[in-house]
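Student: This is the structure I want to talk about, given as structure tokens.
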Amino acid sequence: MDSRKLTTRVWSSLSSGLLCSAPLFVLLGLGFFGPLALVILYSVQPRGSFSPFGTPTLENYRDIIEQAFYLSFGWSLLLAIISTTILLIICYPLALALKRYSGAMADILTLLVVAPLFVAENIRLQGWVLFFDKGGFLDGGLNHLFGFGPGSLVNNVPSIVFGMVYVYLPFMLFPILLGLSNVPADVREAALDLGANKWRIFRDIEIPLAMPGILIGSLLCFVISLGAFSEAKFLGKGVIVTIAQDIESAFTFGQNWPRGSALAVLLIILAGTAVFFAMRKIDLNKVLGTR
Amino acid sequence: MTNVYRNFSSSRRDFIRSTASLAATVGAASMIPAVSARADSGADYANDLWERTKAELSGGNHRMELNIHAWEGYTEEPVLDPFSRQTGAKVNPQMLISDPAAVNNLRGGGTKTWDVINLNNAWQRKMLYPEGLITPLDKDKYQPLYEMNVPGFEWPYHWTLDVSGNHLLGIIQRYGPSAMVINSDLISADTVEKGGYAEMIDGAAGKYAILDYENWVIMHACMAAGFTPFRTHSDAEMAAYKDMIFKIFKNAKKVSDDQAALARDMITGEVVGCFPGSVYTASAARNEGETQIMNVVPIEGPEETKTASHPNGRAGIIWIEVTSLVANPSPTPLADAFLVYCHTPEAAYRVGAKSPGTLNPVVQMGSNDCLSKWSKDELDAIQWGEGGSWLGSLVDRCIDFDINPDYDAMHDMYTEAKRTRGS
């Protein structure tokens, strides 16, 4: 093939690829990179700025260091780690059960997991507040029946973790299910025939093969937990402040858009770092079955 | 009526018993001149003006959409539906999240979107009008409507006029005293009123909640620290504020911006009261029969608020909402019509009594045509008292809401106090 023909062919396939991906690039540019650039620009504006194009300053980052914002970052990070760990422990056996039960039972279990997603998160959390609070369904019901109750079970960190685990459960469960679909039944049987016990099958076959799904689920839950807001607000009732609450306060009552933007940039860096390291471990082609 | 606040195990509040518990407060309030509702040139004028306004609208060729940016009450069906029905307008309401956010919304180009803006007083006179974000009203048209108002809100009213006094910047309607809200079965109203904010912050440490409307927490923390928030503060005062705001958060049992949840917490005894709190914090619970929940304002205020007419000073802060016309480059007469409509006795009553989750007094309750629409329970919900004397006594202990020039620095301290409260 002469070189001119080859160039034309490469260019033709390249241009058709560019053409097909153009809508996505435009969408990402406008909907993702545009706002991201705006947030970064605002984060280096002085307090009181409502334009992103003033003289840049790092004063917002200095204030963040000086005003104990590490506490909010710390709580968000800790809550994300704890809730992701608990979700892993809960969702793995649940995913196994869903995989093994086929037919109607699996459909019912899936429906039970998915159904809460049709109700707004805030409403579901308010429902738990009414359930756990003093004089609520649990305390009031027990008092009514037995003359004693546990009092308020909200307004503490465990109740926030409970809320996060409850809300983010589907985001862990379904990626693990996807990962477990990479574990062929005949591989397990072969291992059994060769004398492997259940623990060894779990450790050496199931976990490695399902790992992409587990990592995706963990990553997803970790990142959205980092930005968790409602759980601390409704169930925590101010016992701690998450970084998302600080960002909201800066943008609303604080009317300090640059401060809010600087906090958001730091949160993005934190989440981005987690994504970067996790993605190095994931082979997306394998997860999606394209290789 | 189903009582949404009542817990599962306790019995319904005996209205008479709680009324008796208020006797001391109401007794003290009897020193305040009662509101004598007038019958009723102002209301007649309002109704007549509304009819004329509708007639003028019907012939006009103008935009039939009205965009309202307002606090709750002005954004709900009980108020908006009759207006839409009578004018044929499509009303697009958006509720405020805070006064400063709304001001910056207008600064950021919101004048092209909004036709009507409803904010607490001071913003209009000090920022919105000087910055050209709102337009003046026809003074001659609106002045007779002040005949409807309760005492203290007569023409000319400071917060609706510009600095020169020549331009009318909006209408006034809802108002309310703000200080603290308590469950008087758990903590004595008399004790709190005499002991002041310290009675809650120190005396009820670990037993009160913070109603987390951030700017209001800051304002009342200043009052608790012994000075008003509405002027520039010295370094010593800023230090005193910082100590106070940290203590307020450290001593609080919980923090929430959900006033209904806090009312429920007060009823169940989870907390004895909340800081800060206004009539709007207590009114929905009171309207359900939980009349032990009440707004209280300390009797003695900071030194700088003491005057010959108020030798004990004023410890609370009164908010007054002002509704204005946005300087929209494509205005619609519907905006001005909406302000007229709000003065009709029926609409004024709906603004005060029919917004979801809260009831608030309106200045038009000085008109008998408006006042007579309120039921006895609704009046008790807003702590009206005999002839308005209870509410009047609370208002009398308040300074007017204004703009805090040190808000930015104080907000930084507020957020730091909130973050570190558990550490």
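Student: Pairs needed: first member in the range B:150-162, over 17 Å from B:HIS343 (Cα atoms); second member anywhere, at pLDDT 95 or above and open to solvent by less than 10 Å² (accessible area, probe 1.4 Å); C-beta distance under 7 Å; at least 6 residues apart or different chains.
Tutor: B:TRP159/B:ILE320; B:TRP159/B:VAL322; B:LEU161/B:LEU168; B:LEU161/B:LEU169; B:ASP162/B:LEU169
Student: Let me ask something else about it. Can you pull out the residues in the range A:97-138 that are aromatic (Phe, Trp, Tyr) and either surrounded by fewer than 12 Cβ atoms within 10 Å (Cβ to Cβ) or outside any helix (DSSP H, G or I) (or both)? Before you say what the answer is, go through the steps one by one.
Tutor: Keep residues of the range A:97-138 that are aromatic (Phe, Trp, Tyr), which gives A:101, A:118, A:128, A:131-132, A:137.
Within the range A:97-138, A:TYR101, A:PHE118 meet the criteria.
Student: So which residues in the range A:213-250 are buried (at least 24 other Cβ atoms within 10 Å of the Cβ) and either basic (Lys, Arg) or on the phi > 0 side of the Ramachandran plot (or both)?
Tutor: A:LYS233, A:LYS237, listed by residue number.
Student: Which of the residues that make up the range B:406-423 are assigned to a loop (DSSP other than H, G, I, E, B), within 13 Å of chain A (Cβ to nearest Cβ) and not hydroxyl-bearing (Ser, Thr, Tyr)?
Tutor: B:ARG421, B:GLY422
Student: Tell me, which helices (runs of 4 or more DSSP H) lie completely within the range A:173-291 with 3 or more residues that are closer than 26 Å to A:PHE73 by Cβ?
Tutor: Details: elements: A:185-193, A:198-201, A:207-226, A:243-251, A:257-279, A:284-287.
Passing ranges, in order: A:207-226, A:243-251, A:257-279.
Student: Do we find a residue being aliphatic (A, V, I, L, M), within 14 Å of another protein chain (Cβ to nearest Cβ), within 17 Å of the chain's Cα centre (by Cα) and open to solvent by less than 10 Å² (accessible area, probe 1.4 Å) anywhere in the range B:236-245?
Tutor: Here is the first cut: in the range B:236-245, the ones aliphatic (A, V, I, L, M) are B:236, B:238-240, B:244-245.
From what is left, the residues that are within 14 Å of another protein chain (Cβ to nearest Cβ) are B:245.
Still in the list and also within 17 Å of the chain's Cα centre (by Cα): none.
No, the range B:236-245 has no match at all.
Student: On to the next question. Name the one entry in B:GLU300, B:GLU290 that is among the acidic types (Asp, Glu) and within 14 Å of chain A (Cβ to nearest Cβ). Steps first, please.
Tutor: Values: B:GLU300 fails: within 14 Å of chain A (Cβ to nearest Cβ).
The conditions single out B:GLU290.
Student: Please work out which residue is nearest to the other protein chains (Cβ to nearest Cβ), limiting yourself to the range B:188-225 and to residues that are in contact with a helix residue (DSSP H, G or I) (Cβ under 8 Å, 6 or more places away or on another chain) and surrounded by fewer than 19 Cβ atoms within 10 Å (Cβ to Cβ).
Tutor: B:GLY206
Student: Taking the range B:72-87 only, how many residues are touching a residue at least 40 places away in the same chain (Cβ under 8 Å), open to solvent by 10 Å² or more (accessible area, probe 1.4 Å) and either within 14 Å of chain A (Cβ to nearest Cβ) or out of contact with any strand residue (DSSP E or B) (no Cβ under 6 Å at 6 or more places or on another chain) (or both)? Can you show your working first?
Tutor: As a first pass, look at the range B:72-87 and keep what is touching a residue at least 40 places away in the same chain (Cβ under 8 Å): B:72-74, B:76, B:78-79, B:82-83, B:86-87.
Checking which are open to solvent by 10 Å² or more (accessible area, probe 1.4 Å) leaves us with B:72, B:76, B:78, B:82, B:86-87.
When the remaining residues are screened for being either within 14 Å of chain A (Cβ to nearest Cβ) or out of contact with any strand residue (DSSP E or B) (no Cβ under 6 Å at 6 or more places or on another chain) (or both), the result is B:76, B:78, B:82, B:86-87.
Looking only at that region, the number is 5.
Student: Give me the pairs: first residue in the range A:132-156 and more than 8 Å from chain B (Cβ to nearest Cβ) and farther than 26 Å from B:VAL255 by Cβ, second residue modelled with pLDDT under 95 and assigned to a loop (DSSP other than H, G, I, E, B), beta-carbon distance under 6 Å, and six or more apart or on different chains, which are they?
Tutor: So the pair list comes out as A:LEU142/A:GLY149.
Student: Within the range A:143-171, how many residues are assigned to a helix (DSSP H, G or I) and closer than 14 Å to B:THR268 by Cβ?
Tutor: Residues of the range A:143-171 assigned to a helix (DSSP H, G or I): A:143-146, A:157-171.
Subsequent filtering for residues that are closer than 14 Å to B:THR268 by Cβ retains A:143-144.
The qualifying residues number 2.
Student: Please go through the range A:223-266 and give me each residue that is at the interface with chain B (Cβ under 7 Å from one of its Cβ atoms), closer than 27 Å to A:TYR166 by Cα and among the small types (Gly, Ala, Ser), ordered by number.
Tutor: Across the range A:223-266, the qualifying residues are A:GLY238, A:SER249.
Student: Could you list, in sequence order, all residues of the range A:49-66 that are at pLDDT 90 or above and in a loop (DSSP other than H, G, I, E, B)? Even if it seems obvious, please write down each step before you answer.
Tutor: Applying the first criterion (at pLDDT 90 or above) to the range A:49-66 yields A:56-66.
Of everything in the range A:49-66, those that are at pLDDT 90 or above and in a loop (DSSP other than H, G, I, E, B) turn out to be A:PRO56, A:THR57, A:LEU58.
Let's see how each residue does on (1) open to solvent by 10 Å² or more (accessible area, probe 1.4 Å); (2) closer than 24 Å to B:THR53 by Cα; (3) in contact with a Leu (Cβ under 7 Å, 6 or more places away or on another chain):
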residue: B:ILE317; (1), (2), (3): no, no, no
residue: B:PRO329; (1), (2), (3): yes, yes, no
residue: B:GLU346; (1), (2), (3): yes, yes, no
residue: B:PRO356; (1), (2), (3): yes, no, no
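Student: Checking the condition farther than 20 Å from B:ILE318 by Cα and open to solvent by 50 Å² or more (accessible area, probe 1.4 Å), which residue from B:PRO130, B:PRO144 passes?
Tutor: Working: B:PRO144 fails: open to solvent by 50 Å² or more (accessible area, probe 1.4 Å).
One residue alone meets the criteria, B:PRO130.
Student: Now for a different question. Could you give every pair whose Cβ atoms fall below 6 Å, whose first residue belongs to the range B:88-102 and is over 27 Å from A:SER49 (Cα atoms) and modelled with pLDDT of 90 or more, and whose second residue is part of a strand (DSSP E or B) and not aliphatic (A, V, I, L, M), counting only separations of at least 6 or pairs across chains?
Tutor: Listed pairs, sorted by first residue: B:LYS90/B:GLU65; B:ASN92/B:ASN67.
Student: Could you grab the pairs with beta carbons closer than 7 Å, sequence gap of 6+ or different chains, first residue in the range B:210-222 and of a type in the set (Gly, Ala, Ser), second one open to solvent by 10 Å² or more (accessible area, probe 1.4 Å) and at pLDDT 95 or above?
Tutor: From the range B:210-222, the pairs are B:ALA221/B:MET244.
The values are calculated or read from the model by the stated rules, or taken from the named source; none is laboratory data. As the structure is a computational prediction, the values presented were derived from the model and not from experiment. Counting neighbours? That spans all protein chains shown, and the Cβs are built from the backbone with ideal geometry, glycine included. Note: accessible area is taken over every heavy atom of the protein model, side chains too, but ligands, DNA and RNA are not part of it. Shrake-Rupley method; radii C 1.70, N 1.55, O 1.52, S 1.80 Å.
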